[in-house]
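Below is one structure, written out as structure tokens; the observations come after it.
No lab work stands behind these numbers, since they all come straight from the coordinates. The structure presented is a predicted model; accordingly, all values stated were derived computationally and were not measured. Cβ coordinates were reconstructed from backbone atoms using ideal geometry, including for glycine residues, and neighbour counts include every protein chain displayed.
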């Protein structure tokens, strides 16, 4: 249960958490990809994504156009004095939370904060809260408390995802198959007849590279993936129960290709 382990010291950006000026504990967790973010999400996470917003406007725009709406993506420069550099968004039991990677700044005016596991849940309005740190947590009180339960080691994190670990794509999307989602309202890509789906997009010299992986796919998913590969000029391979579609994408084709692979 990774959620029971101490929060990890971030190795990338060595800013001081003390710069937030917030009492109590602050989130201090690795945030280099979806694999890191999974350690903070509750065990019933159904769908999530992580994106590096420093890569390109083309990738950011395609993410906004094709993935569920994220406050961090839509209102990046309006939420904090510091620009949001990376975002993760996840849904569990129809609760939604976001993680925002920002450079620490002096946070003031949080006198009405609600203490929880030693963290300070700072109200933004009647329903939305921040918990400062790296990354900073954003969401409703119920959803934020569930995440803090995991970070504090009081509840288990998700153990149902296997594909995102060791991946280093600029955009990473993870979703469970329809059999794993149970009563969730999430609609998995191309029908969900697989155990798990992963999609990664990275910038390359000539545009972007895309990979879509389907763990334990059914025959219908295999046929749909083959068609998607043919439509977008990508290659298909299969090994150890994982079907992969991969190849280059021109910048102008990124929104359409990404949308096709994420369509339910």
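By DSSP, the beta bridges lying fully in the chain are antiparallel in about 95 percent of cases. Ranked from largest, the principal axis spans of the Cα set of the stretch 171-262 equal 41, 26, 20 Å. Ranking of 112, 258, 148 by neighbouring Cβ atoms within 10 Å, starting from the fewest: 112, 148, 258.
Taking the helices alone, the chain has a mean residue ellipticity at 222 nm of -6000 deg cm²/dmol, built from -39,500 (n - 2.57) per DSSP H run of at least 4 residues and averaged over all its residues. Out of these labelled values of mean projected area of the Cα convex hull in nm², (i) 15.7; (ii) 13.6; (iii) 19.1, which was calculated from the coordinates shown here? Correct label is (ii). Each peptide in 224-234, 36-46 receives the mean, over its residues, of other Cβ atoms within 10 Å, and ordering these scores from highest gives 36-46, 224-234.
A straight line joining the Cα centroids of the stretch 213-235 and the stretch 25-86 runs 27 Å.
Residue exposure proxy: 89, 15, ordered by other Cβ atoms within 10 angstrom of their Cβ from fewest to most, comes out as 15, 89. The length gained by stretching the chain between residue 117 and residue 264 to full extension, at 0.36 nm per residue less their Cα-Cα distance, is 49.1 nm. The modelled label-to-label distance for the pair residue 125/residue 56, using points 7 Å beyond Cα in the direction of Cβ, is 3.5 nm.
The coefficient of translational diffusion for the stretch 25-147, derived via Stokes-Einstein from the alpha carbon Kirkwood radius under 4 °C and 1.567 mPa s, stands at 88 µm²/s. Residues 140, 257, 126 in ascending order of nearby Cβ atoms (within 10 Å, fewest first): 126, 140, 257.
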